[in-house]
Amino acid sequence: TGPEKAQPDTTKVIVAPSVSDTQPSTPAPAAPADTDSTRAPSEPSSNNWTVTPRGIGNVTAGMTLAEANAATGNSLSLPPKSSECDYVRPKNGPSGVALMFENGHFSRVDVTAGSVATTEGAKIGDTEAGIKSLYPGTVATTPHKYLPKGHYLTVTPAASADRDYRIVFETDGSKVTKYRSGKIPAVEYVEGCA
C-alpha cells in the first residue's frame, strides 16, 4: 500500500472574541505623526477649533496674520493684500469659521455654521436658556438689530484678565443662529468688517 494520507486535525479550538470583534467596525486610527521639529506642522485637529473669549484654538486676540497662520499649521487662506479689516478662513478647518483681522492683527472669530463649540460646549442651535445655563450670571440679553424676535446674548467672562473680551451669541428669539468672540470693540461690531 502507498503512504498514508495526512488526516485533518479535527480538534476544536474555542477562541473568546476580543473587544474589537464585538464592537462595530471602525477604521483603525492613523499612526501618530512624526514629532521631528524640522517638519511642517500637520493639519490641526478639530480639538484646535474650540472657541474661547479670546479667540479660537491657538489663535488669540492680538496675533498677527503670520502668527495666526503658524498657530493653525499654515491652514489659513491668506488675502493677497492686507486691508484695514479682513476675514480669513481656514483652508482645511471647519466650515462656517472666519477670523477677523484689523490692521493685520486678529480681533475676533465668527462662527456662522457647523458644530464648532465654545470651551463650555455652546454652539449654533443651542437654546437661549441653554446658553444662560452654560454661562450663569454672565449673560446680558439685548434686542437683535435685524431680527424682531431675536436677541444678542453677550457673555462677559468672570475672570478679570478677560474683562476686555466677549462671546456674543445671536438668536432668532429661541435658538442660536451664529456667534462670535474676541476683544472689544471688534466683537461688538454687528456688521463685522462692513
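A short reminder: the numbers here are calculations on the coordinates, not readings from a lab. Predicted model, so just to flag it, every value in this text is computed and none were measured. Cβ placement follows ideal geometry from the backbone for every residue including glycine, while neighbour counts extend to all protein chains displayed.
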**Message:** Checking the table Lys91/Lys149; Lys81/Lys149; Lys123/Lys145 against a 32 Å threshold on Cα-Cα, which pairs fail?
**Reply:** Lys91/Lys149; Lys81/Lys149
**Fill in**
The local net charge around Val139, scoring Lys/Arg +1 and Asp/Glu -1 for residues other than Val139 whose Cβ lies under 14 Å from its Cβ, equals -2
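Which of the peptides 123-135, 107-119 is most tightly packed, and how do the rest follow, judged by the mean count of other Cβ atoms within 10 Å per residue?
Descending packing order for the listed peptides: 107-119, 123-135.
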**Check: region 78-194 dipole with +1 on Lys, Arg Cβ and -1 on Asp, Glu Cβ, in debye** = 180
**For region 69-110, alpha-carbon Rg and Dmax in angstrom** = 9.7, 25
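Taking a cut-off of 19 Å, what percent of all Cα-Cα pairs in region 98-194 are separated by more than that?
Details: 1729 of 4656 pairs.
When all Cα pairs of region 98-194 are counted, 37 percent exceed 19 Å.
So, counting K/R as plus one and D/E as minus one, what does the shell of residues with Cβ under 10 Å around Ala117 add up to? Before the final figure, lay out each step's value.
Values: positive: Lys123; negative: Glu120, Asp126.
So the surrounding residues net to -1.
Report the local net charge at Asp172: Lys and Arg +1, Asp and Glu -1, summed over other residues whose C-beta lies under 11 Å from its C-beta.
Numbers: positive: Lys149, Lys175, Lys178; negative: Glu128, Glu170.
The answer is +1.
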